[in-house]
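Values quoted throughout were computed directly from the atomic coordinates according to the rules given, and no laboratory measurement underlies them. In this text the structure is predicted, and so the values were computed from the model without any measurement. Glycine also receives a Cβ, built like all others from the backbone with ideal geometry; neighbour counts cover every protein chain displayed.
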């Protein structure tokens, strides 16, 4: 039987819940700021082990969520993001272990300035404080967020989606167990006890308690957060990722990279959604790329020139160029050289991850310099857009904004800084 969300453990109104949890999280953040690297790593070590030891309970909770999603006929891509397996749980545990191995992001001297008057000014990394995390579908975010926030000494308030309620609660309970084991406040990682949408609105207004809010989910969720939040937001709207296939591309590389970028996992934000063929691209290679995608069950829509290459290609609409499918579907368009490719991506893309497949150095340099995305790749799958693949251990999301955190948001991006000024009695004239 699926567990029904309730709000019996806090004051009954959304405002009461948020005030209670917010105050407790601020107190927990003050404690975390004083903990040592050894203490935090010990918690994370136990967390990784508990995940493995309690995989049966996690999978049981996840099965309830998956069945409910199937009963509602939710999209296969969403069900894939929702589903946990023994292998995925082990990968989650390993990501926690990887975070343990990373350098402590707090207390780093970022730069030092020696003033002529003798003042020594150190710019030092410090925790942000209390983070708010709102996410849909992906229960693994519960662990990624908890581990990254603990390592960066931030408290976090989690709000998982209704479709992953049972899974997220099971994972959160394991985090609480690890914190309790080491006598750290369980409020260091809290979770809203209900899927009531009113709580989201209250959370977005709680700037007295939450310093930064991070949404991770569909465009509707992220748009709402960006429109309503009273605190700074680390966000990306969607992952409309492009691959531009230049005329100089190596044919074998193109087929291999495009297959991986689109089809490895279609439901993640780094999956390629659009291909741009250079007008000078070898027609035989373009035809082979389309055939490969169709043969593997991927629907293809394209402009008139693409449709000529294969009768199974459906006409693309204007909307297709800006659509994140998160499924076995891709749009293809011919462009006249690097200039048009860059213009198309900057116009229709989501500033997430875009790639050029080419051997021409000038084309690569122009593309990487002028495409306005958080991640711009050369001859590599867009599915490498991931904090773990960037050596960050894990990430809490991909930021597509221009300030503070852009690209994978890992440990260092979850800190801010302050200035420590050392004097010897100086006074200002």
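Each residue of segment 241-384 gets 88 Å³ once the volume of the Cα convex hull is shared out per residue.
Take 375-387, 336-348 and order them by the average number of nearby Cβ atoms within 10 Å per residue, most first; the result is 375-387, 336-348.
How large is Rg/Rh for segment 148-215, to two decimals, with Cα atoms and a Kirkwood Rh?
0.96
If a/c stays under 1.5 just call it rounded; otherwise compare a/b with b/c (prolate if a/b is bigger, oblate if not). Do that for the chain, with a ≥ b ≥ c from the square roots of the Cα gyration tensor eigenvalues. It comes out oblate by the Cα gyration axes.
The distance separating the Cα centre of segment 225-271 from that of segment 300-328 comes to 17 Å. Run the quick spin-label model on residue 205 and residue 15: label points 7 Å from Cα toward the beta carbon, then report their separation in nm to one decimal. About 0.7 nm separates the two model spin labels.
Classify segment 1-126 as rounded, prolate or oblate from the Cα gyration tensor: take a ≥ b ≥ c as the square roots of its eigenvalues, call it rounded if a/c is under 1.5, otherwise prolate when a/b beats b/c and oblate if not. Show your work: numbers first, answer last.
Working: a/c = 2.57, a/b = 1.74, b/c = 1.48.
Prolate, because a/c is 1.5 or more and a/b exceeds b/c.
When only alpha carbons are used to place a centre, segment 119-196 and segment 27-63 end up 10 Å from one another. Available extension along the chain between residue 251 and residue 280 is 9.1 nm, counting 0.36 nm per residue and deducting the alpha carbon span. A simple packing score, the average count of other Cβ atoms within 10 Å per residue, orders the peptides 134-147, 92-105 as 134-147, 92-105, with the highest score first.
For segment 119-278, the Kirkwood estimate of the hydrodynamic radius, built from every pair of different alpha carbons, is 18.0 Å.
Checking the a/c ratio against 1.5 first, then a/b against b/c, what shape does the Cα gyration tensor give for segment 105-169? Cα axes put segment 105-169 in the prolate bin.
As a length-normalised measure over Cα pairs under 8 Å and 6 or more apart, the relative contact order of segment 146-198 settles at 49 percent.
Here r is the Cβ-Cβ distance between residue 339 and residue 219 and R0 is 35 Å; the resulting FRET efficiency, rounded to 0.05, is 0.75. Calculate, in whole percent, how much of the Cα-Cα pair population of segment 54-110 lies beyond 19 Å. Every Cα pair in segment 54-110 considered, those over 19 Å come to 49 percent. Each peptide in 187-196, 80-89 gets a packing score, the mean of other Cβ atoms within 10 Å over its residues, and the list from highest to lowest is 187-196, 80-89.
Mean separation of Cα pairs under 8 Å and 6 or more residues apart, divided by the residue count, gives the chain a relative contact order of 18 percent. Scaled to the globular estimate 2.2 N^0.38 Å, the Cα spread of segment 359-425, given as radius of gyration, is 1.55. Compared with the dominant principal axis of the Cα atoms in the chain, helix 37-53 is inclined by about 60°. Note on the chain: helix-only mean residue ellipticity at 222 nm, from DSSP H runs of 4+ residues weighted -39500 (n - 2.57) and normalised by residue number, equals -13000 deg cm²/dmol.
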